[in-house]
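FYI, it's all coordinate maths here, none of it is from the lab. Nothing here was measured: the structure is a model prediction, and the numbers come from that model. Here the Cβ positions follow ideal geometry from the backbone for every residue, glycine too, while neighbour counts run over all protein chains shown.
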Amino acid sequence: MIRFFANANYDFMGARRWAYAATAAVAIPGLVLLLFRGLNQSIEFTGGTLIEVTSQSPQVNEGSIRSALDAAGLRGAEVQTYGAPNEFVIRTRLSPTAERSEGATQQTAVAVDSALTHAFGANQARVGRYEAVGPKVGGELRQKALLAILLSFGATLVYLWFRFEWRFGLAAVAATGHDIVLTVSFISLMHLEVSLVVVAAILTIVGYSLNDTIIIFDRVRENLRRYKRQYLYDVLNLSVNQTLPRSILTHGTTAAATIALLVLAGEVIRPFAWVMSFGIITGTFSSVYIASPLLMIIEHRWPGEDARGARGSAPPPHGAVVPAATPPA
Amino acid sequence: MPANIRNRLLIIAGLVLISIGPPPISWLGIGLWPRQETIRTRGADGRMRDTVVDRVPIKQGLDLQGGIHLALEVDQSRGAVADPSGALERALRVIRTRIDEFGVAEPLVQRVGNDRIVVELPGLGDPARARSIIQRSAFLEFRITDMQNTFRAVIPQIDAALRKAGVRSTGAAPGGVSAVEQLLGRDTTKKADTTAAADSLNAAGPLSSLLFQGSIEGEFLVPEEDFLRADSLIHMPEVERLIPRGIELLWSAGPISQAARSFYGLYAVDRRPIITGEYLADAQAQIDPTYNQAVANFQLTRAGGRIFSRATGQHVNDYMAIVLDGRVQGRPPVIKSQIGQRGQIELGNASLQDAQDLALTLRAGALPAPLTIIEERTVGPSLGKDSIDKGMRAAVVGTVVVMLIMGVYYRVAGLLAVAALGFYVVFLLGGLALFGATLSMPGLAAFVLSIGIAVDANVLINERIREELAHNKTLRAALDAGFQHAMPAIVDSNLSTILTALFLFQFGTGPVKGFAITLVLGILASFLSAVFITRTFFLIWIQRRPAMKELSI
């Protein structure tokens, strides 16, 4: 029988300060960058045009596309390779100061198309994908995405409120908030394009991480009933260790699936796959290193009825006697 | 076999049957079994017509099959439009009449909310053409048909010219013209006149062999299968030269059914309209209480009233073709008397619906609705194909890796979970078919993701069973306790994910909706397969090996 980490007895709680440091290491640069550079919002949200071009001709490259666009008077367009070296994406975003007319994005798209045909000849640069979003739709989609995030967060809160007593709920919510912050930092660091699909990935991550936290907290609750005289610190460690094989296996399989998406499923879905893959890691991390220590802090600050808080949530400095991770009777 | 296991197997068989849905279940419109669906296809004659095909009822999103998605709104930037909702309705009408011009199999033209039209054109790769077709403003004219039969008079000359140009007649001159004519239900007062004319059409000329005289002057019927041939003939320079000055040939908007056959109407009409849409003020449909028949009332502007009254005064008892965008709409009505600013088109025993359609056509021509494109997405067919290939490859690789991990880690118990995954795939696809969901690229991602979620339940269960076994419980007891203890956690994780997916569904656009619905269905399917089906497998396993002391888990 293969068993990973069976009867593990790692001191997860003791490593919590390292975990805080790791969070800060991702979050601080990510958020600082976010402040200066902003999110790389897709044209779905900003309004604008996106044209994906494939070319077999060697004379078509980022520079020549840019100069073709400049020659046609289309300044400020972004040109990037996209996946393969002969695939390019041309983006023009509506600037907030631009004339907010609905027809403008259309005209831009047509102009880009004709500039390419003019520079490279007909059918030299084949348009694979083409999107034009007017300012009105852009604004609506941005609003809808925000609403979806807020409402699903609210629903999660209500769900937790029913599911756990408030101390557990608060810890779980804080851990989920941590996941969102870290994921946004990651997106900011990687400069991933935030589209509706990426928002969907973030929300899925929220659900995923929450589920992981719930599974550990369920174990904590069970163990609290069983080991009534243990320190909370030890009960939390025990619970995390008991659920460790499950965590490793589940996250391993889900990560395998999302990494397959990341590597194989192509450019269109890649930002989604990045966010999912990162989210699985941070979701696991937060359930272990963030949610559980937070629960301890909250219990310490506002002791629960079973008086565990009164005994002190932290163990003696050295050599606590802890029961082996025996399965429930 | 104990009743318990038998019942479980029966339920599983039932679920699989519903998901796959062979007849007669497919008659209920559920399941994956290929179903009859109506799509429009371009026939050999170049016209679009409805065809019924059998196919698996899972739609592919535009991002997978390629195509154009357009969202349009009434353009109010150049001055407010008086009745935006009505303008939208008229625009919808115009786009629907032009639907064939797109030349795609399954166009979707849909009103969304109060102020938006969504047009989806799968498989079309030319956005410029789609834009021009949609944004062209509608043009309505009333034109008098060729009452003097000047066109019919030159048909023999046209035939001769065509023969000279080397065009042969198709050989089979339409026999039984009179039989068809009888079935056409012609106006009896004009019978003597037109029968004679029809006989002259009976000649086996290249053009005349394709034409049947219609029931009114200037109307000819062309069998649907001859449409393309007739259309190319009348556009040959030799023929155009012979068409009398002041006469134009126009096709009907759609096929006309007569005597169980389908015809296209070819109308010889005056080149000059007696009035155009710009003079129309409004049109409404109603049931005329006196005769209890559907009528379309229309009202002209004051200037229009003067023009129309003069024109109709000259054309009493003539037929007036209603032409929208160069296509004759319906059969031309007869002008009964001089008409001023207000007129009424009687539709005989047609339904109120037909009258409403006509009124909408009139309004569409009268008040063209300027549309602006507010969103456009085009995916080339090759990119769509590429996305499917890559997405499928990722799905297969992801699934195989997950299966390998389960098989290696949990051995036989893992293989049971893997077998249950097979059922999961069937259930999920069945669910997608049931809800008519569209499979998009994010949907494929959700599919892969929910495989991960599906095994999570099995992992939870198997871990619990291992714990129980380590505690020296009997196999059966460990099994029951394992499933029982894992259940709250499984329900929790599924519920929290479904909650999020529901919000995504509510607020997402097309692809994100596809993601959300695939995720929800995936979670439900995984719950069934991981909990119910795996447990059944376990029960059978233990039942068949009563002496087994150790579980391969």
Quiz item: Which three lengths, in whole Å and largest first, does the range B:275-366 cover when its Cα atoms are put on their principal axes?
Solution: 31, 26, 22
Quiz item: So what's the range A:48-133 giving for Cα Rg divided by 2.2 N^0.38 Å, two decimals?
Solution: 1.02
Exercise. Using just the helices of chain B, give the 222 nm mean residue ellipticity in deg cm²/dmol: DSSP H runs with n ≥ 4 each add -39,500 (n - 2.57), and the total is spread over all residues, rounded to 500.
Key: -16000 deg cm²/dmol
Quiz item: According to the Kirkwood expression over distinct Cα-Cα pairs, how big is the hydrodynamic radius of the range B:466-553, in Å?
Solution: 15.1
Practice problem: State the Cα centre-to-centre distance between the range B:111-171 and the range B:294-324 in whole Å. | Solution: 23
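Could you work out the local net charge near B:F151, counting Lys and Arg as +1, Asp and Glu as -1, over the other residues with Cβ closer than 14 Å to its Cβ?
Net of charged neighbours comes to -2.
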Quiz prompt | Whole-Å distance, taken between Cα centres, linking the range A:1-69 and the range B:69-102 | solution = 41
Quiz item: Can you count the Lys pairs in the protein assembly as shown whose Cα atoms are under 24 Å apart, with each pair 8 or more apart or on different chains?
Solution: 11
Quiz item: How far is helix B:191-201 tilted, in degrees, relative to the longest principal axis of the Cα atoms in chain B, given as a value from 0 to 90 rounded to the nearest 10?
Solution: 80
Exercise. Just add up the charged neighbours of B:N292: K/R +1, D/E -1, any other residue whose Cβ is under 15 Å from the Cβ of B:N292.
Key: -3
Self-check item: Taking N as its residue count, the alpha carbon Rg of chain A over 2.2 N^0.38 Å
Solution: 1.27
Quiz item: If you line up the long axis of helix A:104-120 against the longest principal axis of chain A, both from Cα atoms, how many degrees apart are they, to the nearest 10?
Solution: 60
Quiz prompt | Spread of Cα-to-Cα distances over 10 Å intervals beginning at zero, given as percent, for chain B | solution = 3, 14, 19, 18, 14, 11, 9, 7, 4, 1, 0
Quiz prompt | the range B:307-323 - phi-based ³J(HN,Hα) in whole Hz, Karplus 6.51/-1.76/1.60, Gly and Pro as x | solution = 4, 5, 5, 5, 5, 5, x, 7, 10, 4, 6, 8, 9, 10, 7, 9, 10
Practice problem: Please identify the longest segment of chain B free of exposed trypsin sites (Lys or Arg not before Pro), where exposed means a DSSP state other than H, G, I, E or B and no more than 13 other Cβ atoms within 10 Å. | Solution: B:337-548
Exercise. Using amide H atoms built 1.01 Å from N in the peptide plane, name the residues 5+ places from B:Q344, or on other chains, whose amide H lies under 5 Å from its own.
Key: B:F298
Quiz item: Based on DSSP, what percent of beta bridges with both residues in chain B are antiparallel, to the nearest 5?
Solution: 95
Exercise. Take the alpha carbon atoms of the range A:159-219, find their center, do the same for the range B:435-496, and report the distance between the two centers in whole angstrom.
Key: 20
Quiz item: B:W251's amide H: which non-local residues (gap 5+, or another chain) put their own amide H closer than 5 Å, with H modeled 1.01 Å from N in plane and none for Pro or chain starts?
Solution: B:Y267, B:V328
Quiz item: Once phi is turned into θ = phi - 60°, what whole-Hz ³J(HN,Hα) does the Karplus curve with 6.51, -1.76 and 1.60 give for every residue of the range B:444-457, x standing for Gly and Pro?
Solution: 4, 5, 5, 4, 4, 4, 6, 5, x, 5, 4, 6, 4, 4
Exercise. Give, as a single signed number, the net charge of other residues whose beta carbon lies under 12 Å from the beta carbon of B:N458, with Lys and Arg counted +1 and Asp and Glu -1.
Key: +1
Practice problem: Quick one: order B:I461, B:I133 by neighbouring beta-carbon count within 10 Å, fewest to most. | Solution: B:I133, B:I461
Practice problem: Would you tell me the mean number of C-beta atoms belonging to other protein chains that fall within 10 Å of each C-beta in B:14-27, as a whole number? | Solution: 0
Exercise. Compute the distribution of all C-alpha to C-alpha distances in the protein assembly as shown, in bins of 20 Å from 0, and list the percent of pairs in each, rounded to whole numbers.
Key: 12, 34, 29, 17, 7, 1
Quiz item: What does the convex hull of the alpha-carbon atoms of the range B:8-110 project to on average, in nm²?
Solution: 10.8
Self-check item: Between 0 and 90°, nearest 10: helix A:196-226 axis offset from chain A longest Cα axis
Solution: 0
